[in-house]
Each structure stands twice: as C-alpha cells, then as structure tokens.
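Notes follow once the structure below has been shown.
The values are calculated or read from the model by the stated rules, or taken from the named source; none is laboratory data. Predicted model only: the values in this text are computed from it and were never measured. We place every Cβ from the backbone using ideal geometry, glycine too, and count neighbours over all the protein chains shown. Quick note on the areas: whole protein, heavy atoms, side chains included, nothing else; ligands and nucleic acids left out. Shrake-Rupley method; radii C 1.70, N 1.55, O 1.52, S 1.80 Å.
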Amino acid sequence: MINRQAIRKLSRTTLWVGALMLLLSGCASVSESSGGSAGNTDGNAEAAASGSNVRKIIVGTGTAFPNVCFIDENGKLTGYDVELVREIDKRLPDVEFEFKTMEFSNLLLSLDTSKIDFVAHQMETNPERQQKYLFNKVPYSIFLNRVAVAKNNTAIHGLDDLAGKKVMTSATSNAAYLLNQYNKTHNNAIQIVYTSGAANDTVQQIVSGRVDATITTDFANRFNTDADGQVALKTVGEPLNESNVYFVFRKDEQQLADEIDQAVSEIKADGTLKQLSEKWLGDDFTKTLAEAKVTQ
C-alpha cells in the first residue's frame, strides 16, 4: 500500500536538495566569471577558486609617462610602474589589483575621494604630502634632482643662478615644493611658472627662451626632446636632493602599505626590481646613494 505521507516527505526533501544544488551552481558561476581586471594574476585566480576572500584594489596611474606608465603600440598599458604593480600583485594572493588611468593632476584628488586606493606614478615625498598622505617605506626608484637648461645656456650652473629667472615645473611636483621652499628663504628670488601639461611644453618654453630652466633628473631629462627626437636640455650643477619614489595611500591604508612594502622588499632582494628598472628605465635606479657607495 502506498504511504502518502512518506511520498510527501520524499518530495519535500527532493525539492530542498534541488534548490540547494541550484544555489551552489549559481555561486560557482559567479566565481568563475569574476576575473578579467587589468591586474589579475594566476595567484589571485587560484585564491578566488579556492574560495578565499580576495580584495580588489584600484591603482591610479597615467598613460603619458614614457617607460613608466604608457600605452604601447598594441594598446596595452605598461611601463616600469605598471609592471612592478603586476609583479607585486603576483606575490599578494589576497588582493587583486585593477588599474584606473587618468591625468597626473587628478591622481591625488582621486585618492582623496576614494576613487582609487593608491597611486603608482613615480611619486616623491615632501613634508606637505606626508601630512596628508601615507607612503610605503621601501622606495622603488631613487633619482637625483638637478637644474636643467637649454643646451646652449652657459649662464646657469646651479640653483643659486636661478635668481631672477623663470623656472617651469608641474604644480603638484616635488620640484615645485623644492622651489617654493627655496623662495621662502631667498626673498622669492625664483619666478615659478607652472606647465600647462601639454606634451613637451617645458622643452618648448625653455628652448624658445620664454622660461629659463626646470628641475628634473638625469633619467627624466632623456625625454626632454626636440622635434627631431634629440635631447634638448642639459642638467647642470650638483644634485639638489635625492628623490625617493614611493606608492601613495590614504592615511587609513596602513595594512595595504605594509603588505606592498613586504612584496617590494622581496622583489628588490631577489633582483627583480633591478631587472625591471634596467629594462624600462635603462639603468639600475633602485639604489640609494649609500647603497651605491657600498657596491662601488
């Protein structure tokens, strides 16, 4: 004789198991389709597949800095800072980096408004920035700032020769901070002119004589070229300061900064950072002056 109560109980159990299997199937589909960010790596994909919580981190960078962050002939975002971030991503399985590109002048504003989580664009520190932002502790590029002038300029040999001269720089750059600090103790001797941001604007202004100089590094000066592609400026005088380059975070991102520091330390220790610098920047710009003296 058919037990109707048993049939009803079996039917309810079958429906419940079916619903559970459907739910699990849906979750698996979301996990498999949730990749494809610019910074996604095999390590992060494995972490996602294993069910661990992977944090998505939005990295702000630019597209107009040759060899550092730019779009190559295949339409790919690449360069020293970009490939370093991708290398860091490989070594941090709990995070997934995604790039968001924008004009350099908008990077810190985007950080302020939480549109990005940190900046990767050869950013240097200064006291004003340190008051507002958090920097990681291990620099990934180290450059020496110098005065740069037109190749035929024989009157300017260093910072003190800029009194009464026009010096062009970016408003948010470390060079602007250096010049403003100099002016505070030298009766505003230097007239600071801020670049419009147009391609090679600084070179055109200096070569034409509308401004007299800029502040740059020997590395960056390679890209101060004329219409024929020749380097149009020369660096003069003693180094003004050592520029250590870091990633920039909001003050509440100490954990992320520490994680990235650990990865950068590993990348530097095993020689990968040196290799990336030589490939993209043309030389090893990863040693401080003190470190360089030890190896000499």
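Odds and ends about this structure:
- Residues (open to solvent by less than 40 Å² (accessible area, probe 1.4 Å) and farther than 15 Å from Val54 by Cα) located in region 80-99: Tyr80, Asp81, Val82, Glu83, Leu84, Val85, Glu87, Phe99
- Scope region 163-186; condition over 14 Å from Thr217 (Cα atoms), in contact with an Asp or Glu (Cβ under 7 Å, 6 or more places away or on another chain) and in a helix (DSSP H, G or I); matching residues: Tyr177
- Qualifying positions in region 75-116 - assigned to a loop (DSSP other than H, G, I, E, B) and of a type in the set (Lys, Arg): Lys76, Lys115
- For region 187-296, the strands (runs of 3 or more DSSP E) that sit wholly inside it and include 3 or more residues that are in contact with a His (Cβ under 9 Å, 6 or more places away or on another chain) and open to solvent by less than 40 Å² (accessible area, probe 1.4 Å) are 233-249.
- Only a single criterion out of (1) touching a strand residue (DSSP E or B) at 6+ places or on another chain (Cβ under 6 Å); (2) buried (at least 19 other Cβ atoms within 10 Å of the Cβ); (3) at pLDDT below 95 is not satisfied by Ala171, namely (2).
- Among the candidates Leu134, Leu107, Leu111, Leu77, residue that is in contact with a His (Cβ under 8 Å, 6 or more places away or on another chain) and either open to solvent by 70 Å² or more (accessible area, probe 1.4 Å) or more than 23 Å from Asp270 (Cα to Cα) (or both): Leu107
- Some residue of region 60-74 being open to solvent by less than 60 Å² (accessible area, probe 1.4 Å), assigned to a helix (DSSP H, G or I) and within 22 Å of Thr217 (Cα to Cα): no
This table checks each residue for (1) modelled with pLDDT of 95 or more; (2) within 22 Å of Ser173 (Cα to Cα).
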residue: Ala49; (1), (2): no, no
residue: Ser52; (1), (2): no, no
residue: Pro66; (1), (2): no, yes
residue: Lys76; (1), (2): yes, no
residue: Val85; (1), (2): yes, yes
residue: Asp89; (1), (2): yes, no
residue: Leu107; (1), (2): yes, yes
residue: Ile116; (1), (2): yes, yes
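- Residue match in region 145-160 (condition: of a type outside the set (A, V, I, L, M, F, W, C) and in a helix (DSSP H, G or I)): yes
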